[in-house]
Amino acid sequence: MAFLKLHSTKLIVFIASWGCVACDQGSSASPPASEDAWGQPTTHPAQLFFASDCSPKVRDGVQLGLAKAAALWGQYGPLEYWVMGTDEEAGQALIRSFCDRRAELKNKVWGGCMSHHQEEASQHNMLSYLRVGQEAIKRNQPSSAMGRNGQREWGLHIFASSYPFGFDRLFDQVYPEEEIKTLFHEYFHAVQHAHLFTKEHAQREALLGPTWFVEGGAEYMALKGTATLWASGQLPRTQGYALPSFRERMRTILLDGKRYWQENCPDLHLSQMTYDHPCTHAAYSLGAWGHAWLAHRAGPDPYLDLFLPSVERLGWDSAFQHAFGLTPEAFDEAFHAFLLKETEEQLAILPDI
Ligand SMILES: [Zn+2]
């Protein structure tokens, strides 16, 4: 698929749109804020906030995607998911609602929140998500951005998204299924963070692990999780759309990742592809394959069942070894050799879904 894909630790991307005036729509009562229940499964579903120009399809789609992901991996929270449209007034109103909420929960002073989130040309603030959707419409080119923007210190998982136009079928090449997979990817970041309890930023970064591990893990789990639910009929499919199989989707990102890697950074190992490096793009696709390789070795769900429950206690390196049965360095070497194999040989390690 030829989607533009921008990610960062706070960002996953895709494509297209029109828009949503700022009505916010909390989907449930707020959980009690007084105690620190971080990492404990909750019965409170994600709280959803949409700009008022978001269509019912967008609202229903986002709600469904997050609910299905939580049903698969556990409901973590409190979790807020903020969705922009493309209407300027609606977007600005959503920013005000966001800052009202931050002030109400004593996360941030309202004025400081507003000046940060209304700043132009700033990455990952609320306005940036509005602008991504608007640009997509203006250029008639699908692109989108989603991100987890904190915050352990507030005891919250907060996500923001540009207009998820796939739900409205605004661009021919983007189907609701792609948006659902993206929601699973984002939600998995909440799963990753829910297993880290420290409030020290540097410690959290170290425990999350390298870029390929964090983003590739979210991508692999999202691809595998959605494919499993589509196969069993637990996720709806768009009528008349030949949804690619898990194997086909993994093949696409393998070929895309290998081509990018060979053209731009053939000497680089997966461990060296960081967010700041030009080869970040490959870290997502090849990182997902890194997790496929690890699951093939230690499977079927070593990341979820072994790594995440032990990482805070053992530290990243030891938890890696505990979960996957080899050191990160040994993995890096072995996976580098694996990437040089023929595609068909690589595809053979995938589970049947
Ligand atoms: Zn991500």
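The values are calculated or read from the model by the stated rules, or taken from the named source; none is laboratory data. Predicted model only: the values in this text are computed from it and were never measured. Neighbour counts are summed over all protein chains in view; Cβ atoms, including those assigned to glycine, are modelled from backbone coordinates with ideal geometry.
The residue that is nearest to the ligand (Cβ to nearest atom), counting only those in region 99-140 that are touching an Asp or Glu at 6+ places or on another chain (Cβ under 8 Å) and among the polar types (S, T, N, Q), is ASN125. The single condition among (1) within 15 Å of the ligand (Cβ to nearest atom); (2) within 25 Å of TYR163 (Cβ to Cβ) that LEU208 does not meet is (2). From the list TYR241, TYR260, the one residue that fits, being of a type in the set (Phe, Trp, Tyr), in a loop (DSSP other than H, G, I, E, B) and away from the ligand (no atom under 16 Å from the Cβ), is TYR241.
Scan region 275-288 and tell me whether some residue there is more than 25 Å from VAL62 (Cβ to Cβ), of a type in the set (Ser, Thr, Tyr) and either in the same structural domain as GLY65 (by TED's automatic domain parsing) or touching a strand residue (DSSP E or B) at 6+ places or on another chain (Cβ under 8 Å) (or both). Looking for residues that are more than 25 Å from VAL62 (Cβ to Cβ), of a type in the set (Ser, Thr, Tyr) and either in the same structural domain as GLY65 (by TED's automatic domain parsing) or touching a strand residue (DSSP E or B) at 6+ places or on another chain (Cβ under 8 Å) (or both), one finds at least one in region 275-288, hence yes. If you go through region 170-196 and pick out every residue that is at pLDDT 95 or above, not hydroxyl-bearing (Ser, Thr, Tyr) and not in a helix (DSSP H, G or I), you end up with 2. Inspect all residues belonging to region 109-122 and state whether any of them is over 12 Å from TRP82 (Cβ atoms), in a helix (DSSP H, G or I) and of a type in the set (Asp, Glu). No - not one qualifying residue is present in region 109-122. Scanning region 114-128 finds one or more residues that are surrounded by fewer than 22 Cβ atoms within 10 Å (Cβ to Cβ) and within 16 Å of the chain's Cα centre (by Cα).
Taking first residues from region 201-216 that are under 14 Å from ASP317 (Cα atoms) and partners that are away from the ligand (no atom under 16 Å from the Cβ) and of a type in the set (Phe, Trp, Tyr), the Cβ contacts under 8 Å between residues at least 6 apart in sequence or on separate chains come to ALA206/TRP316; LEU207/TRP316; LEU208/TRP316; GLY209/TRP316; GLY209/PHE320. The listed residues are GLN234, GLN141, and the only one of them that is in contact with a Lys or Arg (Cβ under 8 Å, 6 or more places away or on another chain), outside any helix (DSSP H, G or I) and not aromatic (Phe, Trp, Tyr) turns out to be GLN234. Across region 188-205, what is the number of residues that are away from the ligand (no atom under 16 Å from the Cβ) and among the polar types (S, T, N, Q)? Here the count works out to 2. Screening GLY216 with (1) more than 13 Å from the ligand (Cβ to nearest atom); (2) under 11 Å from the mean Cα position of the chain (by Cα) gives one miss only, at (1). Tell me yes or no: at least one residue of region 219-236 is crowded, with 22+ Cβ neighbours inside 10 Å, within 16 Å of the ligand (Cβ to nearest atom) and under 22 Å from GLN151 (Cβ atoms). There is no residue in region 219-236 that is crowded, with 22+ Cβ neighbours inside 10 Å, within 16 Å of the ligand (Cβ to nearest atom) and under 22 Å from GLN151 (Cβ atoms). Just to be sure before I move on: is LYS181 under 13 Å from the mean Cα position of the chain (by Cα) and of a type in the set (Lys, Arg) in the structure I sent? Considered against the rule, which asks whether it is under 13 Å from the mean Cα position of the chain (by Cα) and of a type in the set (Lys, Arg), LYS181 comes out as yes. In the set (1) within 16 Å of the ligand (Cβ to nearest atom); (2) at negative phi, the condition left unmet by HIS269 is number (1). Every residue in region 281-337 that is at pLDDT 95 or above and not in a helix (DSSP H, G or I), please. GLY315, GLY325, LEU326, THR327 - these are the residues of region 281-337 that are at pLDDT 95 or above and not in a helix (DSSP H, G or I).
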